[in-house]
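The structure under discussion appears below in the form of structure tokens.
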Amino acid sequence: MSEEKWQDLVDLDALRAWMDVQGLGGGAIENPRQLAGGTQNILLRFSRDNRDYVLRRSPASPRGDGDATNRREARVLGALGHSDVPHPRLIAACAEKDVIGGAFYLMEPVEGFNAVVGMPDLHKSSPAIRRRMGFALVDGALALARVDHVAVGLADFGKADGFLERQVPRWRAWLDSYRDYEGWPGPDFIPGLDRVADWLTQHRPQSFKPGILHGDYHLANVMYREDGPELAAIVDWELATIGDPLLDMGWIMATWPEPDGTRTAGTIAQPWDGFPTIEELVAHYQTKSDRDASNLRWYGVLGCYKLGIILEGTFARASAGKAPKATGDKLHDHCIRLFTRALKWVD
């Protein structure tokens, strides 16, 4: 996105006036600069009155209701404010579109790095630190799972009833919707699709303890501290809801590379040696969780099933000429790898 584009989407004069009303400093907005990440969303860092801010605004042409998603993100970040979950601290939110043309919120900047983008020398040079980074990722999921969603005001943030029962049929229907894309070869090229779905249905846990679910929890959606292996923040809360928090661990299991660096998704850091294995991460979660985590294999299979179907959507769009072919082919390959991993756990 060019500088002119973000200037069209973020009226700094209107933002400054709104901040005046909110009591957020005085004077000019200084040094505005766009940050990478955030998928379609606009992330703008700036300073005002000797304080740094990051603005997150819904995109101009979002998939679905981007303003509603932005409001949900702000709500969950606000609810986590007094928890020990590492996250960007919410400063203020504007649910209305009439200030800068879309819902937005302001948060504290996160000082840290995304390991998938690149690691500092401290982390690149130490397999021991990288090992602790893997366990820190799991600790973030554990911290989120411990939050009482009712106590922090998120009782109505999602529909927990029937959450697990909905998963397989919902995502199979999602996959079937790809038939609308002309040129998509169909689901027969996905290995073990029906077998995985049947296994998930037959082995579905009979109950779970509802809690906050990040919904897309993996290595690329966290930031690490520059001075050690701990998390600085969990980011990209677009898919957060109330459901079974064990699925966040299942998402880690689905996306975590093998010891030799073989991967099912784009979530890998370099160098990879030193990071724990999937089995070690699972054992770590089971040891520290206050939930029944004895059946994490089921959640790992569900993570593979759900993510594989989501990624296949880009391949379907690419087959119809609505997405780059190279991207579609890459994500189709990831889909196949995810289902291959799921089949290994089903056996």
The one condition Glu111 fails out of (1) assigned to a helix (DSSP H, G or I); (2) touching a residue at least 24 places away in the same chain (Cβ under 8 Å) is (1)
Confirm whether Ser58 is within 24 Å of Tyr299 (Cβ to Cβ) and hydroxyl-bearing (Ser, Thr, Tyr).
-> no
Exactly one of Lys322, Lys330, Lys288 is surrounded by 15 or more Cβ atoms within 10 Å (Cβ to Cβ) and under 30 Å from Tyr178 (Cβ atoms), and that residue is Lys330
Going through the stretch 318-347 in order, the residues found to be more than 14 Å from Thr255 (Cβ to Cβ), part of a helix (DSSP H, G or I) and among the small types (Gly, Ala, Ser) are Ala318, Ser319, Ala326, Gly328
Among residues of the stretch 68-109 being among the β-branched types (Val, Ile, Thr) and in contact with a strand residue (DSSP E or B) (Cβ under 8 Å, 6 or more places away or on another chain), the residue surrounded by the most Cβ atoms within 10 Å (Cβ to Cβ) is Val76
Residue hits (the stretch 222-252; assigned to a helix (DSSP H, G or I) and within 14 Å of the chain's Cα centre (by Cα)) are Leu247, Asp248, Met249, Gly250, Trp251, Ile252
Among (1) assigned to a strand (DSSP E or B); (2) in contact (Cβ under 8 Å) with a residue 24 or more places away in the chain, Ala93 falls short only on (2)
Residue hits (the stretch 114-133; crowded, with 17+ Cβ neighbours inside 10 Å, part of a helix (DSSP H, G or I) and either among the aromatic types (Phe, Trp, Tyr) or out of contact with any helix residue (DSSP H, G or I) (no Cβ under 6 Å at 6 or more places or on another chain) (or both)) are Arg130, Arg132, Met133
Taking the stretch 306-319 and the residues there that are closer than 24 Å to Asn295 by Cβ and crowded, with 21+ Cβ neighbours inside 10 Å, the one that is nearest to the chain's Cα centre (by Cα) would be Leu307
The residue from Thr267, Thr262 that alone is part of a loop (DSSP other than H, G, I, E, B) and touching a His at 6+ places or on another chain (Cβ under 7 Å) is Thr267
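Each value in this text was obtained by applying a stated rule to the coordinates, not by laboratory testing. Bear in mind the structure is a predicted one, so any value in this text is a computation, not a measurement. Glycine also receives a Cβ, built like all others from the backbone with ideal geometry; neighbour counts cover every protein chain displayed.
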